[in-house]
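Novice: I'd like to ask you about the structure that follows.
The values are calculated or read from the model by the stated rules, or taken from the named source; none is laboratory data. Just so it is clear, the structure is predicted and the values come from calculations on it, not from any experiment. When we count neighbours, we look across all protein chains shown, and the Cβ atoms used for this are built from the backbone with ideal geometry, even at glycine.
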Ligand code: 5AD
Ligand code: SF4
């Protein structure tokens, strides 16, 4: 499986968590690329825009303001936004305005205006709380043509500068050059050290049953290939008190599943020193009304035994850990500056395998990192066999701006990277075929996520994060967001199929009785 070059989420408003919807003529369209952090950031952006009187629409054509929340983890992901901008450039003539948010905005900054001159707003994720002011500026001045005087006091209060006819909202206080064009150009860029981004006032969660909470922002690990420390800035954690307050608030609103987010979620350090990451996990799992807690993404270096102990002790913590390995070769891990060896990684896997609950393990792998030999690659394949992952997200190495790996030679040709990716995916597919078969005959609790009319199946998700599609008698119509017990009858490499059981039994209890793996 590969992920997230193709990941694209349209965060469409379904539940505003208390944000009043307004009947308004100002409309926006938002498309999101990349990881869950971006999806959750988009929920904050939607919440803020709706609060500012905008209405979300489902197509570019219907919108006055078109926003892209972007990802720059790999080159392909970054190019997507420029393709989108080129595709819709002609709509500028209809007075539509364009904004680039997220990691590409942070990475490319004002260069975006040169590459796509029809863009009016460039804003990194740490500056979203300033969006209302930026929107005011965006609306307050004609998009092109006449110049409108800008209130310098107001700009100063925002750390904004106004030069000539251009307006720049810069959190680093640098002045924008005077431009020939009189487009409104607004940037919110260099707030990467702030922790205020946790506290966006309005969040439009897209799913009324399952929601994200960011507990840590940024990354200090500086893996040799990774752009994240440059786009998302330094690591900063949110207090456990504030995380728990949001979890309780969500439970009160009817959410039953919470996913704790962070680029390095288990590097979490409570600024108040009250809770370790494992203690915070357990505490969220104990919030009345919460039935499932997930967390992503973990770094092996910071992955302590206490996390496994928490999963064993608190049934609401899901029995799934995503632990990116990147390579099975210690030599490559060293070159990637991952700060652990193959053996140390396998030690963490052994802790999970020794747990009372059967913990499903998934990972990320990069193939074709500079200098990766056939022998290194063979070690990655043997690691897949040894661990027995339930999913592997695999990527061809992509050189990124600013990263230490740019200086390495020994580049692997693109065709060779593709070959290794294919070999790896085929090997993992075989592993999953065998692993998923083991679930046939077990009973699993699923959260009901939807209904596939064409297939006549309900879509469920197990605690182990597997998709379990199931049929139900016509008389039983499971509610979306409810939990149901399903008997697994068939398996595929990436999903399971089953039938709704009458008795709502717990998956874990049943599988333990039957001596089966627990999904
Ligand atoms: N090239 C390829 N894959 C990358 N990832 C991060 N940076 C790069 C890169 N430059 C992958 C890693 C990470 C996942 C989110 O994306 O596997 O865990
Ligand atoms: Fe990137 Fe490494 Fe930080 Fe993960 S731990 S976000 S791969 S630098």
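Novice: Return the only residue of 389, 397 being buried (at least 19 other Cβ atoms within 10 Å of the Cβ) and more than 30 Å from residue 256 (Cα to Cα).
Specialist: 397
Novice: When you scan the stretch 215-233, do you find a residue that is away from ligand 1 (no atom under 16 Å from the Cβ), modelled with pLDDT of 95 or more and within 27 Å of residue 109 (Cα to Cα), even just one?
Specialist: yes
Novice: Now for a different question. State all residues of the stretch 61-100 that are under 23 Å from the mean Cα position of the chain (by Cα) and either farther than 27 Å from residue 232 by Cβ or surrounded by fewer than 17 Cβ atoms within 10 Å (Cβ to Cβ) (or both); if no residue qualifies, say none.
Specialist: 75, 76, 79, 83
Novice: If you go through the stretch 387-400, how many residues are assigned to a loop (DSSP other than H, G, I, E, B) and away from ligand 2 (no atom under 16 Å from the Cβ)? Explain how you work it out, then say what you get.
Specialist: Our first condition is that a residue be assigned to a loop (DSSP other than H, G, I, E, B); within the stretch 387-400, this holds for 388-390, 397-400.
If we keep only those that are away from ligand 2 (no atom under 16 Å from the Cβ) as well, we get 388-390.
Result for the stretch 387-400: 3.
Novice: Residues in the stretch 118-132: is at least one surrounded by fewer than 22 Cβ atoms within 10 Å (Cβ to Cβ) and modelled with pLDDT of 90 or more?
Specialist: Yes, the stretch 118-132 contains at least one residue that is surrounded by fewer than 22 Cβ atoms within 10 Å (Cβ to Cβ) and modelled with pLDDT of 90 or more.
Novice: Here's a follow-up. Which fully enclosed helices (runs of 4 or more DSSP H) of the stretch 218-326 have 3 or more residues being within 20 Å of the chain's Cα centre (by Cα)?
Specialist: 228-231, 240-252, 277-285
Novice: Answer yes if at least one residue in the stretch 77-84 is assigned to a helix (DSSP H, G or I), more than 18 Å from residue 122 (Cβ to Cβ) and touching a helix residue (DSSP H, G or I) at 6+ places or on another chain (Cβ under 8 Å), and no otherwise.
Specialist: no
Novice: Oh, and also: Considering only the stretch 360-381, I want to know if a residue exists there that is under 23 Å from residue 436 (Cβ atoms), more than 14 Å from ligand 1 (Cβ to nearest atom) and within 26 Å of the chain's Cα centre (by Cα).
Specialist: yes
Novice: Could you list all residues from the stretch 28-55 that are more than 21 Å from residue 122 (Cβ to Cβ), touching a strand residue (DSSP E or B) at 6+ places or on another chain (Cβ under 8 Å) and surrounded by 15 or more Cβ atoms within 10 Å (Cβ to Cβ)?
Specialist: Residues satisfying the conditions are 36, 50, 55.
Each row is one residue, and each column tells you yes or no for (1) farther than 18 Å from residue 325 by Cβ; (2) within 16 Å of ligand 2 (Cβ to nearest atom).
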position	(1), (2)
358	yes, no
373	no, no
378	no, no
385	no, no
402	yes, yes
414	yes, no
418	yes, no
422	yes, no
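Novice: Of everything in the stretch 327-347, what is in contact with a strand residue (DSSP E or B) (Cβ under 9 Å, 6 or more places away or on another chain) and part of a helix (DSSP H, G or I)? Give them in sequence order.
Specialist: Matches in the stretch 327-347: 332, 333.
Novice: Follow-up question, since we're still on this one. How many residues does the stretch 1-48 contain that are on the phi < 0 side of the Ramachandran plot and at pLDDT 50 or above?
Specialist: The number of residues fulfilling the criteria is 27.
Novice: Just to be sure I understand the filter: pairs with C-beta atoms under 6 Å, separated by 6 or more residues or on different chains, first member in the stretch 262-277 and free of Cβ contacts under 8 Å to residues at least 40 places away in the same chain and over 15 Å from residue 232 (Cβ atoms), second member within 10 Å of ligand 2 (Cβ to nearest atom) and not in a loop (DSSP other than H, G, I, E, B). Which pairs pass?
Specialist: Once the first residue is free of Cβ contacts under 8 Å to residues at least 40 places away in the same chain and over 15 Å from residue 232 (Cβ atoms) and sits in the stretch 262-277, no partner that is within 10 Å of ligand 2 (Cβ to nearest atom) and not in a loop (DSSP other than H, G, I, E, B) comes close enough.
Novice: What pairs come out if I take residues in the stretch 228-254 that are more than 24 Å from residue 204 (Cβ to Cβ) and pair them with residues that are within 16 Å of ligand 1 (Cβ to nearest atom) and part of a helix (DSSP H, G or I) whose C-beta lies under 7 Å away, six or more apart or interchain?
Specialist: If the second residue must be within 16 Å of ligand 1 (Cβ to nearest atom) and part of a helix (DSSP H, G or I), the pairs left are 230/107; 235/267.
Novice: Regarding residue 454, is this residue part of a loop (DSSP other than H, G, I, E, B) and without any contact (Cβ under 8 Å) to a residue 12 or more places away in the chain?
Specialist: For residue 454, the condition - part of a loop (DSSP other than H, G, I, E, B) and without any contact (Cβ under 8 Å) to a residue 12 or more places away in the chain - is met.
Novice: Among residues belonging to the stretch 348-370 that are at negative phi and in a loop (DSSP other than H, G, I, E, B), point out the one that is surrounded by the fewest Cβ atoms within 10 Å (Cβ to Cβ).
Specialist: 354
Novice: Suppose the filter is in contact with a helix residue (DSSP H, G or I) (Cβ under 7 Å, 6 or more places away or on another chain), within 16 Å of ligand 1 (Cβ to nearest atom) and at negative phi; does residue 384 pass it?
Specialist: yes
Novice: Give the residue that is surrounded by the most Cβ atoms within 10 Å (Cβ to Cβ), with candidates limited to residues of the stretch 277-293 that are away from ligand 2 (no atom under 16 Å from the Cβ) and within 12 Å of residue 215 (Cα to Cα).
Specialist: So the residue we want is 284.
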